[in-house]
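Since the structure comes first, as structure tokens, the remarks are kept for the end.
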Amino acid sequence: MSAPGAGPARRILPQLGGIAYGGDYNPEQWTEATWAEDIRLMAEARVNLVTVGVFSWARLQPAPGALTAGWLDRVLDLLAGAGIWVDLATATASPPAWLVAAHPEMLPVTADGTRLGFGSRQHYCPSAPAYRAAAADLAQRMARRYGDHPAVAMWHIGNEYGEQVPACYCEHSAAAFRRWLRARYGELDRLNDAWGGAVWSQDYTSWDQIEPPRAAPTFRNPAHQLDYARFSSDELLACFTAEREVLAAHSPGKPVTTNFTGLFRAVDQFRWTRREGGTGLDVVSVDNYPDPADAEAYLTSAMACDLTRSVGGGRPWLLMEQAPGAVNWRAVNVPKAPGQYRALSLQAVARGADAVLSFQWRAAATGAEKFHSGMVPHAGTDSRVWREVVSLGMELDRLGSVAGHLVPAAAALLLDWENWWALELDSHPTSCLRLTELLSELYRPLLQTGVNADFAHPESDLSGYRLILVPALYLVSDAAADNVRRFVAAGGTALITFFSGIVDPRDRVRLGGYPAPWRDLLGLRVEELVPLRHGAAIRLDGPGAAPPDAAGRLWQDVIDLRGATPLLSYGEGHLDGEAAVTRHEHGAGTAYYLGTLPDRSTLGRLVGQACQRAGIALWTGLPPGVEAVRRGGYLFLISHLDHAVELDLGAKRPDLLSGVRVGPRAQLAPRDVLVLDWAEPGRP
Ligand code: GLA
């Protein structure tokens with residue numbers, strides 16, 4: 001658990017003072033006359049941090065060898081002159097045509113054997129030696145030339161690793177995979193055993209026989225696929241690490257980041273931030289694009305914020321990208337509603353961000369992203385978007401004292417990418433189970449009652465939390481299983497869902513009744529896994545069931561009670577009267593088990609009960625769609641509603657945004673935000 005307080009010392013970039021503001025800046029798409037206007041407008045919006053050069057490779061190095069970067073020199077000088085800091089890219093995200101033409105084998109290949117072409121971006125195989133060498137060379141030239149430039153505050157490596165090409169299946173990848181497997185297993189017999197080679201005649205007799213899990217007649221070996229997901233994430237990390245080492249040698253001391261994309265499956269973010277051997281990110285950053293057309297956009301967005309904070313160990317982080325209005329890449333691209341850019345930006349600050357950046361500064365006039373919004377829209381400055389951009393800049397200025405403060409969290413959702421990969425493989429009881437959906441279901445009641453939550457790796461130190469929520473932790477290592485048991489025995493509260501504790505890290509079933517490692521902890525044994533048909537629901541009975549239509553969906557475990565107390569039972573079908581949700585005391589703590597996914601209000605009651613059992617205070621009566629988030633000594637109240645609401649604050653409090661004291665009853669206009677000094681006594 002991160003402790004509140006400890007403010008300024010934790011700032012991501014001390015030279016920036018308060019909360020940084022800005023966006024991706026792509027000056028190479030514009031004339032120098034426009035640059036001058038950009039600088040003037042950036043000052044007007046109080047922009048003080050921009051990301052430059054992410055996709056500039058071809059303009060920086062139009063041929064092998066020296067940089068032709070005079071234009072970037074002038075841009076950086078202009079920015080330095082205006083007091084605007086730069087997150088400078090190593091520019092390796094989109095290899096230029098000359099490199100691809102010289103090394104067509106660096107283009108990535110899909111599982112069905114299609115080689116992807118040049119003409120968009122991220123068109124490289126992460127294991128291709130030609131890409132690795134050219135990227136390291138460019139990173140070195142950039143570091144040498146700009147490492148000491150007065151505008152450069154930090155380095156930005158790559159861009160959204162894996163987002164367009166989560167895995168490559170070419171011959172370079174095959175060779176790298178074999179090396180990776182040799183390092184993991186040492187002996188071929190161990191690999192055959194781990195992959196269940198006895199099934200379907202899949203034993204290997206030589207390492208050279210092993211290929212990536214390419215398209216095959218039917219279900220591919222799941223352990224093979226799982227290892228490929230591990231390998232692919234590691235290969236992307238290796239690309240990042242190689243550039244990071246170049247920067248450490250040629251631009252020492254400058255913080256380094258790459259932009260994650262929230263709950264994105266291909267990249268195990270915990271491995272990227274674990275600081276083994278000096279590698280890893282100095283500053284964690286995220287690109288966050290909730291869909292404005294989704295009424296619960298704020299929820300997915302809040303989860304991305306909490307995840308980013310969590311993978312960075314609780315330290316302040318950077319919102320690297322968001323859209324000021326619409327994006328261009330959905331089927332229908334609805335712009336943010338008036339006030340939504342502000343509300344979601346301040347949500348990020350509430351949840352630990354020390355910087356609020358957008359993609360991109362100026363909406364493009366050409367190219368694939370010309371209908372993606374920018375801080376300076378096509379319409380120019382006489383526009384709602386620009387007025388909101390300027391007004392947010394002024395407001396962020398008033399939140400300087402919030403920077404560096406931590407977000408205390410007493411609850412954590414356990415998340416392990418290896419589990420995610422294994423859980424969503426094919427040939428399972430259901431293909432309708434999606435981890436992100438389950439995470440959202442468990443996260444929603446926490447958000448609705450003002451409970452801050454982290455995401456924690458199941459093997460990490462959980463002792464700072466009072467409550468852990470464990471959604472479908474299908475794959476669990478012995479260390480993680482023990483960790484959860486110890487957490488409860490020591491007095492913690494755990495809420496564990498169906499399809500948890502099923503296999504070990506080799507994707508091998510733990511036998512004897514599910515969930516084998518936690519039967520004693522939960523006081524039960526699951527005898528049979530029963531998924532429910534898509535759209536089907538099963539009635540739930542019991543005192544905790546929310547009337548009138550309490551129901552479970554997705555799943556229906558057959559539970560054999562071994563000491564647990566049933567809280568809810570199935571109310572129909574052949575399991576009528578059997579336990580569906582249980583509670584069990586274990587050591588000094590309590591473990592809840594969900595054998596089904598209850599409807600939202602029943603689940604809300606259960607999560608509320610678990611919070612109370614854990615001694616976590618709930619903010620009851622918070623209207624759905626309004627967040628209450630503590631950061632340091634501040635309370636952020638954020639409405640995502642399009643109508644006004646009234647809240648009871650218990651006392652008058654100073655609001656940092658308006659500068660006036662509000663309360664004890666406070667009005668929140670549609671999508672309005674209050675940032676209250678909560679250090680004062682009198683919390684309700
Ligand atoms: C991603 C990329 C950006 C931009 C945005 C558009 O986040 O990193 O370069 O393409 O998407 O939403």
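A few notes on this one:
- Which numbered condition Gln164 fails, given (1) under 30 Å from Gly23 (Cα atoms); (2) buried (at least 22 other Cβ atoms within 10 Å of the Cβ): (2)
- Residue match in segment 600-619 (condition: in a loop (DSSP other than H, G, I, E, B), touching a residue at least 40 places away in the same chain (Cβ under 8 Å) and open to solvent by less than 10 Å² (accessible area, probe 1.4 Å)): no
- Restricting attention to segment 360-402 and to residues that are among the acidic types (Asp, Glu) and in contact with a helix residue (DSSP H, G or I) (Cβ under 8 Å, 6 or more places away or on another chain), the residue that is most open to solvent (accessible area, probe 1.4 Å) turns out to be Glu388.
- Meets criteria (surrounded by fewer than 19 Cβ atoms within 10 Å (Cβ to Cβ) and out of contact with any strand residue (DSSP E or B) (no Cβ under 6 Å at 6 or more places or on another chain)) for Ala337: yes
- Of all residues making up segment 256-292, the number that are more than 16 Å from the ligand (Cβ to nearest atom), more than 15 Å from the chain's Cα centre (by Cα) and at pLDDT 95 or above: 1
- Within segment 150-164, residues that are under 19 Å from Arg74 (Cα atoms) and touching a residue at least 60 places away in the same chain (Cβ under 8 Å) reach partners that are away from the ligand (no atom under 16 Å from the Cβ) and open to solvent by 10 Å² or more (accessible area, probe 1.4 Å) with beta carbons closer than 6 Å, at six or more positions or on different chains, in the pairs Pro150/Ala80; Ala151/Ala80; Ala153/Trp85; Met154/Lys254; Met154/Pro255; Trp155/Lys254.
- Residue satisfying all of: in segment 226-255; of a type in the set (A, V, I, L, M) and closer than 19 Å to Val311 by Cβ; nearest to the ligand (Cβ to nearest atom) among these: Leu236
- Residue list for segment 628-684, restricted to those being in a strand (DSSP E or B), in contact (Cβ under 8 Å) with a residue 40 or more places away in the chain and among the charged types (D, E, K, R): Arg630, Arg631, Asp677
- Test set (1) crowded, with 24+ Cβ neighbours inside 10 Å; (2) away from the ligand (no atom under 15 Å from the Cβ) - Ala295 fails condition number: (1)
- Subset tally (residues that are in a loop (DSSP other than H, G, I, E, B) and more than 16 Å from the ligand (Cβ to nearest atom)) for segment 131-163: 5
- If only residues of segment 179-219 that are in a loop (DSSP other than H, G, I, E, B) and free of Cβ contacts under 8 Å to residues at least 12 places away in the same chain are counted, the one that is surrounded by the most Cβ atoms within 10 Å (Cβ to Cβ) is Gly197.
- Residue check, Asp282 open to solvent by 30 Å² or more (accessible area, probe 1.4 Å), without any contact (Cβ under 8 Å) to a residue 24 or more places away in the chain and of a type in the set (D, E, K, R): no
- Which listed residue, of Ala481, Ala453, Ala494, Ala546, is open to solvent by less than 20 Å² (accessible area, probe 1.4 Å) and within 30 Å of Gly197 (Cβ to Cβ): Ala481
- Boolean, Gly186 is over 22 Å from Leu247 (Cβ atoms), within 16 Å of the ligand (Cβ to nearest atom) and at pLDDT 95 or above: no
- Failed criterion for Arg533 (all others in (1) in contact with a Lys or Arg (Cβ under 7 Å, 6 or more places away or on another chain); (2) charged (D, E, K, R); (3) under 29 Å from Leu425 (Cβ atoms) hold): (1)
- Residue within segment 325-334 that is part of a loop (DSSP other than H, G, I, E, B), within 26 Å of Ile12 (Cα to Cα), within 11 Å of the ligand (Cβ to nearest atom) and touching a residue at least 24 places away in the same chain (Cβ under 8 Å) present: no
- Answer from Leu318, Leu357 - the residue that is closer than 15 Å to Leu392 by Cβ, open to solvent by less than 30 Å² (accessible area, probe 1.4 Å), within 14 Å of the ligand (Cβ to nearest atom) and not aromatic (Phe, Trp, Tyr): Leu357
Table: residues versus (1) farther than 22 Å from Ser251 by Cα; (2) within 26 Å of the chain's Cα centre (by Cα).
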position	(1), (2)
Ala111	yes, yes
Arg121	yes, yes
Pro129	yes, no
Ala135	no, yes
Arg141	no, no
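The values are calculated or read from the model by the stated rules, or taken from the named source; none is laboratory data. Quick caveat: nothing in here was measured; it's all calculated off a predicted structure. Every residue, glycine as well, gets a Cβ built from its backbone with ideal geometry; the counts of neighbours run over all protein chains shown. To get the accessible areas, we keep the full protein, side chains included, count just its heavy atoms, and leave off ligands, DNA and RNA. Shrake-Rupley method; radii C 1.70, N 1.55, O 1.52, S 1.80 Å.
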